[in-house]
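Everything below concerns the one structure shown next.
The values are calculated or read from the model by the stated rules, or taken from the named source; none is laboratory data. Fair warning: this is a prediction, and the values are worked out from it, not measured in the lab. No Cβ is skipped: glycine too gets one built from the backbone with ideal geometry, and neighbour counts run over all protein chains shown.
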């Protein structure tokens, strides 16, 4: 059995498809095909981070909270989405797919690893970064998928404006990262 | 010809690349840097940066999801 897997791991097509990272161009073409498929089958452009706000609302409801009066969830559409539950929410399934797909891909490449937490500093940086990204994405009406990728694909000028400020933010963000967290 | 190691295990982009760039500045021509990484994106952006700068690069997979990038400073 081991000989068989050794043979598989040296196979040219195994390496090409599962082991070695795709080139940026291959990745871009695949992303484009799949985002067209998402648009065609769900009727709305691909987004990722808006779903996290809904996940937060569902979690808050689980512990007895109520978001009915929150401005962000005040529209009828948002309320209907929340009332229909997570299992009927397309965006949630797309995100489940990303998580499951990433796990399957890393297992197929035999590159799965539990990474150790290096320091408290790293925890603080990751938590701060996550909060800023999530909050910023809600204020901007989308993240680098919904407000950048899907917008540009829909020929919207807003995607390009988002891109300019994304670069400015990344520039200052990495300066801060180098100064305080390295 | 000295050999240096940077431990980037558990660090996500862009930290591994920034650490490598910082260390490479301090090194002399001919010195070798071994970057230990377990973040697959760093396996792409570190060699790309080093090759664009003309250095010699080799990647070794040392364990599941763990790599050593060996960079020889050439200029």
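For this structure, a couple of remarks:
- For region B:25-46, a residue qualifies if it is in a helix (DSSP H, G or I) and either more than 14 Å from residue B:72 (Cα to Cα) or modelled with pLDDT under 95 (or both), and the qualifying residues are B:25, B:26, B:42, B:43, B:44, B:45.
- A single member of A:38, A:17 is part of a helix (DSSP H, G or I) and touching a residue at least 40 places away in the same chain (Cβ under 8 Å), and it is A:38.
- Region A:108-132 - residue that is in contact (Cβ under 8 Å) with a residue 60 or more places away in the chain and assigned to a helix (DSSP H, G or I) and, of those, surrounded by the fewest Cβ atoms within 10 Å (Cβ to Cβ): A:121
- Boolean, residue B:21 is closer than 27 Å to residue A:180 by Cβ, in a strand (DSSP E or B) and under 12 Å from the mean Cα position of the chain (by Cα): no
- Screening B:61, B:68 for residues that are outside any helix (DSSP H, G or I) and at pLDDT below 95 leaves exactly one candidate, B:61.
- Consider region B:18-39 and keep the residues that are within 10 Å of chain A (Cβ to nearest Cβ) and buried (at least 16 other Cβ atoms within 10 Å of the Cβ). The one that is nearest to residue A:130 (Cα to Cα) is B:39.
- Scan region A:56-65 for residues that are assigned to a loop (DSSP other than H, G, I, E, B) and either surrounded by 10 or more Cβ atoms within 10 Å (Cβ to Cβ) or touching a helix residue (DSSP H, G or I) at 6+ places or on another chain (Cβ under 8 Å) (or both) and the total you get is 1.
- Residue within region A:87-101 that is within 14 Å of chain B (Cβ to nearest Cβ), in a helix (DSSP H, G or I) and without any contact (Cβ under 8 Å) to a residue 40 or more places away in the chain present: no
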